[in-house]
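J.: Let me begin by handing over the structure; questions about it come next.
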Amino acid sequence: MPNGVGQVLQTAQDGAQAAGFFLLGSTDALGRHRMQVLDRNWKVCSQAPSAGTQAAADTKIVFNTVKLEEACP
């Protein structure tokens, strides 16, 4: 599993796809239910499954994000 934590959401998604993972999702890590419409405006705080774990190619990766100017919880 690639590590997207600390990256811009778009970059994390690109890395996941390059590693063969295509089922991707994202959430608002602050619980405000905001949609990540412009992926380049969000950064990854955490992800599930965690980076470095073994996973099948059909595993969904969920990136928990905040806006670039916000701190991760």
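Coordinate-derived values only; no laboratory data. This structure is a prediction, so every number in the text was calculated from the model and none was measured. Cβ: placed from backbone, ideal geometry, glycine included. Neighbour counts: every protein chain shown.
J.: Only one of these is in contact (Cβ under 8 Å) with a residue 40 or more places away in the chain and more than 12 Å from the chain's Cα centre (by Cα): Ala55, Ala71. Name it. Write out each step before concluding.
T.: Values: Ala71 fails: in contact (Cβ under 8 Å) with a residue 40 or more places away in the chain.
Of Ala55, Ala71, the one residue that is in contact (Cβ under 8 Å) with a residue 40 or more places away in the chain and more than 12 Å from the chain's Cα centre (by Cα) is Ala55.
J.: Tell me the strands (runs of 3 or more DSSP E) entirely within the chain that contain at least 3 residues that are in contact with a helix residue (DSSP H, G or I) (Cβ under 8 Å, 6 or more places away or on another chain), of a type outside the set (D, E, K, R) and surrounded by 15 or more Cβ atoms within 10 Å (Cβ to Cβ). Break it down into steps so the answer makes sense when it comes.
T.: Values: elements: 24-28, 42-48, 61-67.
Of the strands (runs of 3 or more DSSP E) lying wholly inside the chain, those with at least 3 residues that are in contact with a helix residue (DSSP H, G or I) (Cβ under 8 Å, 6 or more places away or on another chain), of a type outside the set (D, E, K, R) and surrounded by 15 or more Cβ atoms within 10 Å (Cβ to Cβ) span 42-48, 61-67.
J.: Tell me which residues, restricted to the stretch 30-65, are in contact with a strand residue (DSSP E or B) (Cβ under 6 Å, 6 or more places away or on another chain), aliphatic (A, V, I, L, M) and under 13 Å from Gly6 (Cα atoms).
T.: Val44
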